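The values are calculated or read from the model by the stated rules, or taken from the named source; none is laboratory data. The model shown is predicted, which means the values in this text are computed figures rather than measured ones. FYI the Cβ positions are ideal-geometry reconstructions off the backbone, even for glycines, and counts take in every protein chain you see.
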Amino acid sequence: MGDTDIKFSPENLCKRCVLPEVKPMIFFDSHGVCNLCHEHDQNRELEEEAKLLESDLLKILKKHKAKGKYDVLAMCSGGKDSTSALYYMKTRYKLNPLAFMFDNGFESEDAIRNVERAAEKLGVDFMFFKSSYMKDMYGKILETKSKAVICHPCSLWYMDLAYEIADRHEIPLIIAGWTKGQSTNQKIMSKCGCNAASPEFKDMSEATRSFLDTYVRNDPRYKDFPASMEEVMKKAAERKTKALVISPHWFLPFGAEVYVPTIQKELGWEYPQLSYPGRSTNCMLNFISVYNSMKNYGYTHYHVEMSKLIRQNVISREDAIRDLEFQISKSQLNAIAKKLNYQYE
Ligand SMILES: [Zn+2]
């Protein structure tokens with residue numbers, strides 16, 4: 001039997017962003033422009049006012065002085081955004097970061113090498129945490145054909161973990177690599193910075209919540225697993241060190257066009273061979289998560305994030321469409337799924 005190519009190139013996208021029409025939450029006007037683009041236009045003035053400046057970041061850094069050895073815990077994925085966040089903490093703000101990487105068992109060698117290289121070049125300590133704790137939960141999502149988005153419980157897990165590590169080392173700030181298109185709201189963060197309460201995520205978050213309630217809460221191995229990001233935040237607020245989570249990219253006066261060449265030159269950073277979306281650094285399990293989201297919803301959280309970046313004129317719609325093109329062979333997909341004892345037909 002030959003190898004089938006799986007390809008998703010969504011059609012009928014909003015004329016301005018890259019979201020498909022998914023009623024009732026996402027709907028188009030007679031010109032093919034979605035309600036979220038219109039909402040953005042209406043809120044533009046408010047957003048302009050709320051724009052964060054680098055001076056705001058300096059104030060935050062001054063306010064959150066370290067008690068222990070490390071000034072910040074830098075969550076590293078090996079991608080351009082988190083690697084440059086680590087880079088600027090050390091070089092631009094002269095802080096002592098602890099580089100922290102978590103591996104759910106699906107991290108690529110390329111991503112791990114990027115963090116190792118960055119930590120070594122910067123002369124910062126590097127903590128690598130690998131665990132198979134989540135494996136059965138991921139497997140259960142596939143086995144039960146749940147529409148839960150794999151990245152959601154994963155983000156609950158590592159945000160909780162990041163707070164725990166920060167608390168243990170008395171680190172007052174957690175630094176993530178979220179870009180301007182990702183959430184700046186403290187209450188609703190994840191690694192990808194998705195705002196679970198926004199209309200684009202309603203169906204996805206409900207499916208995840210229902211999966212957690214049905215399969216996770218009753219499993220003794222996961223009895224302490226947080227039910228939502230709100231619960232992660234609540235738990236964090238009860239810890240001794242109340243770490244604040246921010247991304248320098250919300251404040252920096254430049255974007256990827258400046259920091260990507262910088263870390264390539266200074267840290268030997270490289271784009272991973274295989275990752276989705278194009279020019280990103282996400283774990284291999286992300287291919288499964290994206291495949292399921294495209295089948296279940298017709299779009300992914302990356303479409304939401306890139307749509308925000310398009311509306312803010314950070315990226316072009318053409319670039320987003322190119323990077324969002326999903327193509328993988330069935331055998332590649334099943335090679336990843338095999339680790340979870342699952343096979344797609
Ligand atoms: Zn739109």
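Against the list (1) over 25 Å from residue 157 (Cα atoms); (2) more than 16 Å from the ligand (Cβ to nearest atom), the condition residue 101 fails is (1).
Taking the stretch 107-151 as the range and being buried (at least 23 other Cβ atoms within 10 Å of the Cβ) and part of a strand (DSSP E or B) as the test, no residue passes.
The number of residues in the stretch 237-256 being assigned to a loop (DSSP other than H, G, I, E, B) and not β-branched (Val, Ile, Thr) comes to 11. Considering only residues in the stretch 9-33 that are near the ligand (Cβ under 9 Å from one of its atoms) and part of a strand (DSSP E or B), the one that is farthest from residue 294 (Cα to Cα) turns out to be 28. Selection of first residues in the stretch 226-239 that are within 17 Å of residue 210 (Cα to Cα) and of a type in the set (S, T, N, Q) and of second residues that are modelled with pLDDT of 90 or more and in a helix (DSSP H, G or I), restricted to Cβ pairs under 7 Å at least 6 apart or on distinct chains, gives the following pairs, ordered by first then second residue: 228/209.
In the condition set (1) within 30 Å of residue 253 (Cα to Cα); (2) buried (at least 22 other Cβ atoms within 10 Å of the Cβ), residue 299 is compliant with all but (1).
Of the residues making up the stretch 119-151, those that are under 23 Å from residue 87 (Cβ atoms) and either touching a strand residue (DSSP E or B) at 6+ places or on another chain (Cβ under 7 Å) or of a type in the set (Phe, Trp, Tyr) (or both) are 119, 124, 125, 126, 127, 128, 129. Which of the residues belonging to the stretch 257-272 are closer than 20 Å to residue 97 by Cβ and either touching a helix residue (DSSP H, G or I) at 6+ places or on another chain (Cβ under 6 Å) or part of a loop (DSSP other than H, G, I, E, B) (or both)? Residues satisfying the conditions are 259, 260, 263, 267, 268, 269.
Do we find that residue 36 is within 16 Å of the ligand (Cβ to nearest atom) and either over 30 Å from residue 122 (Cβ atoms) or in a loop (DSSP other than H, G, I, E, B) (or both) in this structure?
On the way: within 16 Å of the ligand (Cβ to nearest atom): yes; either over 30 Å from residue 122 (Cβ atoms) or in a loop (DSSP other than H, G, I, E, B) (or both): yes.
Yes; evaluated as a whole, the condition is true for this residue.
Within the stretch 252-284, being at pLDDT below 95, more than 16 Å from the chain's Cα centre (by Cα) and of a type in the set (Phe, Trp, Tyr) holds for 254, 271. Selection of the stretch 286-324 for residues being farther than 16 Å from residue 22 by Cβ, of a type in the set (D, E, K, R) and without any contact (Cβ under 8 Å) to a residue 60 or more places away in the chain yields 318, 319, 322, 323.
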